[in-house]
Amino acid sequence: MPAADLRLLALDGGGVRGLSSLMILHRLMAAVDPDVPPKPCDYFHMIGGTSTGGLIAIMLGRLRMTIDECIDAYTSLSDKVFEKKSHRVNIRGKLQGRFDAADLEQAVKQILTARGLGEDTLLKDTDSPCKVFVCATSRQTGDTVCLTSYRSPRSDDRLLNSTKIWQACRATSAATTFFDPIAIGPFDEEFVDGALGANNPVYALWNQAQDMWGNQLRGSLQCLVSIGTGVPSLKPVRDDVFEIWATLTELATETEKTAEQFRRDKSNLDDEGRYYRFNVDRGLEEIGLEESKKKKEIAAATRRYVESQAVFKQIKACANTIAGREYFGPYRTVFALHGAPASNRFVDRQSDTDELERCLLPRSSSPRTRRRIFVLYGLGGIGKTQLAADFARRYKATFSSVFWLDGRSEDHLRQSFAGYASKIPKGQIPDTSRNLALTSNVDINVVVADVLDWLGRPDNVDWLLVFDNVNQDFEQSSETSAYDIRRYLPGDHGSVLITTRLAQLAQLGDSKRLKKADKELGVAIFKCWYGRELVMDETSRVLLGLLDGLPLALAQAASYLRETELDTAAYVRLYKEQWDDLMRSDGESGSPLLDYEQRSIATAWTISFRAIEGRNRNAANLLRLWAFVDNKDIWHGLLGTAADGGEEWPGWLREMARKEVSFLDAARLLLRYSMIEAQESVLGSYAMHPVVHRWTSHIQDSGEKIAYIRLAVMVIGSLVPMNTTEAYWILQRRLLPHAERCSWWMGQICGSEWSLDEASVINAVHSLGVLYADQGRLEEAEAMYQRALRGKEKALGQGHTSTLRTVNNLGNLYVGQGQLEEAEAMYQRALQGFEEAPGPDHMSNLDTVNNLGILYGRLQEAETMYQRALQGYEKALGPDHTSTLNTVNNLGLLYADEGRLEQAEAMYQRALQGKEKALGRDHTSTLGTVNNLGFLYADQGRLEEAEAMYQRALQGYEKTLGPDHTSTFGTVNNLGNLYADQGRLEQAEAIQANTASVREIL
């Protein structure tokens, strides 16, 4: 039985009416498996009972009986035991039991012998997965005592190691008027019937379970079943003496009062379908606790109860819960939290989890027909992500799907959605989307649309989406990565959990501001990461006060103490001294973490960083470098170019790039100090908390920042693949977040000490421009090209071929932006430079000649330029080289514009066949020629052939560039015009509507 899905069973006392509870339990287990009703001990982790309910608990749990075996044993025991004694009051006036305790003892021993056990077998059975306890009342104190088969934090080992099964049965059944008290243990403590304190043992069960499973109980609890023995009348048992009437009257009503009180106290369990109470409401009123001959009446009343419609449905629901609160419908997906923290040291924040449960979990009383949204907001590092991940893992079986979505930017969000496509059952989304993988060239935006459509299906309502770190305000931010999260909420159903620093997102649904941990929780977090007992002396209290309840700070400080084995006094001293140093290094402006009201986290991280640096300087340098690239997805291959580099790369980075073990050693040390996390979804990739990421730049002085931003630009820029590389877009997309971070830092440093005077850095900046241009980010591409151009002009001169290549690329960019005059100026400058430097037939010169031909379009000069470029390419590279084929394609464009359609088609077909062979069918250059052929066929009236070309181009562009790219947009527009020409107006209107929505996004 998995400990993560706890099932608990409470059995009331009720004398012979215990048969009723067994009959109810029999129906329940039969509903779990009608063919072979399972043993309760195989499904319940803990069974507790009082009085005769305690006897049943021992039979079912400790003796591992089936319910049928238990019914036989219980009825046989009842027949033997409930025979009246002749005397009830001795000569001293003391009350004696009306039944012979020796008979009960002997009956229990006979059952033990029949089960192959010794008569004096202990109740103790610590290895059993099913824990059993019975309630008894201490005659000396009047307190309820639980005699257990297991060791718990509150258990009395003397009782545990001495209580025999028959003694436990006697103790829990020693009702005041029925059986004499029994003495147990080394001190002969006397016990009487547990019903005097807990006739309904549900609270005792809850408390015992909390002792065993602690704060994880609420989240791990699958179900709690409480079974009564009928609602009796309030008449006393005959022959009572003294004040027994009042006591028995109270016991008769206590069980249902307790049940109702527990239902109110734990209302969330009832709402969520995790608490079930069964008790025959009529028919057992006239049956006394001792009337063992009335089994027929008990059976009839119980059968009537369980067959009523309301109880039948409740038993069915309870059985489903016992069998596992899992979704088994057609939309079930394999659970995986891509990108979520993998920490196994999360400390339960129960009051916070309770609010998530109340909002997001399904309620048994109402269908899930509306969307449930909970916004968890607060300070970075306060534990929002960890709480959300714990909730998702706890209740993974409750939902059909759990998708963990990276909400830092729209690109990250789309990638997260696309990452779950392969989890969706086959046939429910297109195979092209479902088969998406890291090495696939399927466009993620198409996949996102398919996933959202799937989530939006009217009958797919039981999923949970977790949007993590939605921290950009799309209404206020100028960042292109900001977005409106409402556009990604499918349908009007399901459960949505959002973590964010933005308080204004709270208006989307139910919400909670997550605050710092209180003292008790703070100590628990610290102890969890410390791994040993924390002595709460004065220095410990000072330390916890300094850390001030911030979970991330507590975890990292504890990790540092664990690794270094320092005492808390030394840590407090370092903390204060290091904070002063940190303040001085950042000047008098105050805390370097401006987003934080408290300083605790920065200082804790600084101490850990110094420890890391002392152990492995490469790890510290990697952390410094990491500050200037994206905080997620750092893998060894990212450093690859440095492996074969020269002196332009620092020695530590060359070593780490060449030796993966060196990189892994550094990563392992950073993991140890909780500075980074291993990514669950990408093997070998690591991520850093965004607050730690910001802090890693603040610990560096201005000189270090300049050095490491240069290095970061070199690392990312040198890895950018050219668009002639097969499947280049896969690596480009992975590099894009890192390029964005480099660009941001260059913008921060530009205008002060930043300058480009090293060829390797300048070329890397140029490559970042190439990356942005290929991804359709033309403004960012221009900024990079301009920065690279200034650097090259200063370092290499205006006529250097490298400078001229950047000039040529700027010309290409201006063409894409429609700035034709600026483009011509760039091309003419590049052409003149190339002709003077390498010569008229050099490749770079021919590229610019070709580009000028593109720019001139219908002008007479265009054909001259293309023919010149074509002859040069064929001579230098051969007829099948991609540069040659590009010029062939451009000649086709020119001929088409001049109306020379047969010649144009010949050029296109030659270019297409060559590109398919050299680059592949889905390469963007190949698709450009396909699109051109579509345009040509449309002009010729060959509309079916035109449509086939457009559709092929469109599908290819959506895979490689995405639906928002200008090339995709142009093909969509061509297809819409074609539909209009064919009279397919509805399809044309649909295309136009889609085009309008794309325009709005752009």
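The values are calculated or read from the model by the stated rules, or taken from the named source; none is laboratory data. Keep in mind that this is a model prediction, so the values were computed, not measured. All Cβ positions, glycine included, derive from the backbone under ideal geometry; neighbour counts span all protein chains shown. In case anyone asks, the SASA skips ligands and DNA or RNA and just uses the protein heavy atoms, side chains included. Shrake-Rupley method; radii C 1.70, N 1.55, O 1.52, S 1.80 Å.
Structure notes:
- Cβ-defined net charge surrounding A781, 13 Å radius [Lys, Arg +1; Asp, Glu -1]: -3
- With a 1.4 Å probe rolled over the protein heavy atoms of all chains, the accessible area of K516, K959 falls in the order K516, K959, largest first.
- Peptides 462-469, 489-496 ordered by average Cβ neighbours within 10 Å, highest first: 462-469, 489-496
- Accessible surface of S925, taken over heavy atoms with a 1.4 Å probe and every protein chain present, rounds to 30 Å².
- Amide hydrogen neighbours beyond the local backbone of K131, cut-off 5 Å, H modeled: M46, I47
- Per-residue SASA entry for E945, accessible area with 1.4 Å probe, Å² rounded to 10: 80 Å²
- Each of E355, E655, E944, E410 has its accessible area taken with a 1.4 Å probe; listed largest first, they run E944, E655, E355, E410.
- Diffusion coefficient (Stokes-Einstein, Kirkwood radius over C-alpha pairs, 4 °C, 1.567 mPa s) for the stretch 653-720: 95 µm²/s, rounded to a whole number.
- Taking each of K396/K959; K257/K512; K131/K266 in turn, the alpha-carbon distance tops 30 angstrom for K396/K959; K257/K512.
- For the stretch 888-1002, the square roots a ≥ b ≥ c of the C-alpha gyration tensor eigenvalues yield an a/c of 1.5 or more together with a/b not exceeding b/c, which makes the shape oblate.
- Placing T144, T724, T499 in order of accessible area, with the largest value first and a 1.4 Å probe, yields T724, T144, T499.
- Note on H26: accessible area is roughly 60 Å² with a 1.4 Å probe, heavy atoms of protein only.
- Computed on the stretch 370-519, the Cα convex hull volume stands at 124 Å³ per residue.
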